[in-house]
Amino acid sequence: MSRLAENYRGVLERIADAATRSGRKPGDVRLLGVTKRVPVPRILEAVSLGLRDFGENRVQEAEGKIPLVREPGVRWHFIGHLQSNKARRALDLFASIRTVDSLSLARRLNGMLHGPYAVFIEVRSGDEPTKSGVNELELEELVQFVRGTQYLRLEGFMAVPPYFENPEKVRPYFSRLRELAAEHGVPGLSIGMSHDFEIAIEEGATEVRIGTALFGERR
Ligand SMILES: *Cc1c(COP(=O)(O)O)cnc(C)c1O
């Protein structure tokens, strides 16, 4: 078995265990493979193993890769900070944008669309000012705005909480995000990365975004 195959199997097992521990079904948690800086042949290998959802965080890098991985059933999701001048290109490449974080971006995306399109709102989690995402105080307004647009379909919240050496410390951030999703009646919750995805699942993740634990350390 290849390294990637082993990693993939291990991650699926850990997802299933965490889901079961928290009273859910393994199928309730989507695995999104994060392929930034992962070369196309390895992505194709992941597709052949059964992975279908992928995330990229840069439009320009994605433009060079996604056209080479157009396998049936494969979906690409944008998970980076989206500058409005790249909105058009992002819509052409991605099945969803997980990082809508402002009224102006939401308005711009909606204005370019001609049919329903899935989005997540990125919520700022933790208070480092450099982080992207909408803060809790502005969240309600953005939720209402997105729901009022003709084409955007609000499927969830996404967040990247602060990094802690000890992943247990991130648990309160995840549980707060779960509360926010419940308060706003939003079904999806994209939280959890390689070092903390089991805790994210215990706290209600419906999607985990995993790079390193699948593809190895990025160079
Ligand atoms: C890189 C990245 C991930 C995956 O991180 P790993 O720690 O490698 O699993 C998840 N989400 C976002 C937004 C990322 O940029």
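The values are calculated or read from the model by the stated rules, or taken from the named source; none is laboratory data. Quantities reported herein were computed from a predicted structural model and do not represent experimental measurements. Don't worry about glycine lacking a Cβ; one is built from the backbone with ideal geometry, like all the others, and counts go over all protein chains shown. Heavy atoms of the whole protein, side chains included, go into the accessibility calculation; ligands, DNA and RNA do not. Shrake-Rupley method; radii C 1.70, N 1.55, O 1.52, S 1.80 Å.
What percent does the relative contact order of the range 64-203 come to when contacts are Cα pairs within less than 8 Å and at least six residues apart?
Details: 218 pairs, mean separation 25.8, N = 140.
Contact order relative to length: 18 percent.
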Nearest-20 debye value, the chain charge dipole, Cβ charges on Lys, Arg, Asp, Glu: 780 debye
Estimated inter-spin distance, Val69 and Arg89, nm [label 7 Å along Cα→Cβ]: 1.8 nm
Extension gain (nm, one decimal) between His81 and Glu128, 0.36 nm per residue minus Cα-Cα: 15.4 nm
Shape call, the chain: gyration tensor on alpha carbons, a/c limit 1.5: oblate
Table column - 3J(HN,Hα) (Hz), the range 26-33, Karplus curve with 6.51, -1.76, 1.60, x for Gly and Pro: x, x, 7, 10, 7, 9, 10, x
Contour excess over end-to-end distance, with Cα ends at Arg219 and Met112 and 0.36 nm allotted per residue: 35.0 nm
Calculated log₁₀ intensity ratio I(q)/I(0) where the Debye formula runs over C-alpha points of the range 90-201, q = 0.13, 0.16 Å⁻¹: -0.48, -0.71
Additional length obtainable on full extension of the chain from Glu61 to Gln144, 0.36 nm per residue less Cα span: 26.7 nm
Separation of alpha-carbon centers, the range 1-53 and the range 75-142, rounded to whole Å: 25 Å
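May I ask for the longest run of the chain untouched by GluC sites (Glu not before Pro) that are loop-located per DSSP and have at most 15 neighbouring C-beta atoms (other than their own) within 10 Å?
Longest gap between qualifying sites, sites excluded: 1-164.
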Point-to-point label distance, Asn166-His195, nm (Cα→Cβ direction, 7 Å offset): 1.4 nm
Shape category assigned to the range 158-216 from the gyration tensor of Cα positions, a/c cut at 1.5: oblate
Unsatisfied cross-links (Cα-Cα over 30 Å) in the set Lys131/Lys169; Lys36/Lys131; Lys65/Lys169: Lys65/Lys169
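State the percentage of accessible surface on the range 1-143 attributable to carbon and sulfur atoms; use a 1.4 Å probe and exclude ligands, DNA and RNA.
Looking at the range 1-143 in its full context, I get 48 percent from C and S.
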